[in-house]
Amino acid sequence: MQVVHSLDALRAALKPYDSPAFVPTMGNLHDGHLALLAMAKEHGDVRVASIFVNRLQFGPNEDFDAYPRTFEHDCALLEAAGCDVLFAPGEADLYPQAQTFLIHPPTGLADVLEGAFRPGFFVGVSTVVMKLFQCVFSGTKTQAHAFFGEKDFQQQLIIRHLVTQFALPVTIVTSPTIRESDGLAMSSRNSYLSEAERAEAPRLQACLQAMLAAVKAGQQSLEAIEGTAMATLRAHQWQPDYMVIRRREDLGMPTDSDRALVVLGAAKLGRTRLIDNLSFDR
Ligand code: AMP
């Protein structure tokens, strides 16, 4: 695996290839990231991963400084997983000027849920993804692919719209959420949890499962189901931001005729904010 830091070195490393399969990450890799890389192996002629903790997508009171950085270990995992090129830019490589051109994703899609609780988050995500795509795909000759996790459901939806609206020559592929054996979605932020919090953490996923079952049973209003989930989490010392049932296609409020749905939740347990979701058809 070649490890490159500058844009010039990245472009030189990719020059012999026609169709990169790209997995962007913020590092501190786990099996969720490696599942994306495994999917990437099925596409294109070179596997590219990036590790970049993107300051632009963190709010002033969020965990940019504390975000776990485990570069050596990540390199070993990527190498073993068959990654060909790792792009690990420094901030000056990716943002040589202050990044004042910004991608503002559409309201409706990006100012709800995560966007409502993390103002500016999807501006930072969309801008860095656009930029990483420019870096990785500039020499692409045939169709390129990029891989995102369903764990960040709203993020992959926004990136699909970004690709469509800017006619980017890349196909987005999503991977199902990879979970610990007790159901907790794998996340770099799980390392913030104390032992007691780690034991409690699967309740988020369990509440989403209960919401899904309640929707399928059809006996309560969606608002009542959402309210029950919020109350359950609060009763166990969580501070939920949202627990909602939405249309899968656009995160709109489901009408009675909508069948393809997703339940999404975000909640703080102590100082750790966790998110999760489950897609289903009713
Ligand atoms: P991150 O490093 O957290 O920015 O995540 C990089 C990519 O990995 C994103 O596309 C995430 O959605 C994806 N990802 C993170 N956790 C998981 C997981 N547990 N299962 C599947 N994909 C994941």
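The values are calculated or read from the model by the stated rules, or taken from the named source; none is laboratory data. Just so it is clear, the structure is predicted and the values come from calculations on it, not from any experiment. Cβ placement follows ideal geometry from the backbone for every residue including glycine, while neighbour counts extend to all protein chains displayed. Only protein heavy atoms, including side chains, enter the accessible area calculation; ligands, DNA and RNA are left aside. Shrake-Rupley method; radii C 1.70, N 1.55, O 1.52, S 1.80 Å.
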When residue 167 is run through (1) away from the ligand (no atom under 13 Å from the Cβ); (2) open to solvent by less than 30 Å² (accessible area, probe 1.4 Å); (3) of a type in the set (A, V, I, L, M, F, W, C); (4) outside any helix (DSSP H, G or I), the failure sits at (2)
**Message:** Regarding region 175-188, can at least one residue be identified that is open to solvent by 30 Å² or more (accessible area, probe 1.4 Å), touching a strand residue (DSSP E or B) at 6+ places or on another chain (Cβ under 8 Å) and away from the ligand (no atom under 16 Å from the Cβ)?
**Reply:** no
Among strands (runs of 3 or more DSSP E) completely within region 181-282, the ones holding 3 or more residues that are closer than 23 Å to residue 159 by Cα, among the charged types (D, E, K, R) and in contact (Cβ under 8 Å) with a residue 40 or more places away in the chain are none
Take residue 198 and decide whether it is open to solvent by 20 Å² or more (accessible area, probe 1.4 Å) and more than 9 Å from the ligand (Cβ to nearest atom). yes
In the set 248, 273, 234, the lone residue that is at pLDDT 95 or above and more than 18 Å from residue 177 (Cβ to Cβ) is 234
Pairing a residue in region 28-52 that is assigned to a loop (DSSP other than H, G, I, E, B) with any residue that is among the polar types (S, T, N, Q) and open to solvent by 20 Å² or more (accessible area, probe 1.4 Å), where Cβ atoms lie under 6 Å and the two sit 6 or more apart in sequence or on different chains, gives 28/70
inquiry  = Is it the case, given these coordinates, that residue 113 is over 22 Å from residue 10 (Cα atoms), free of Cβ contacts under 8 Å to residues at least 60 places away in the same chain and open to solvent by less than 40 Å² (accessible area, probe 1.4 Å)?
reply    = no
Only one of 61, 28 is modelled with pLDDT under 95 and either open to solvent by 50 Å² or more (accessible area, probe 1.4 Å) or touching a Pro at 6+ places or on another chain (Cβ under 6 Å) (or both), namely 61
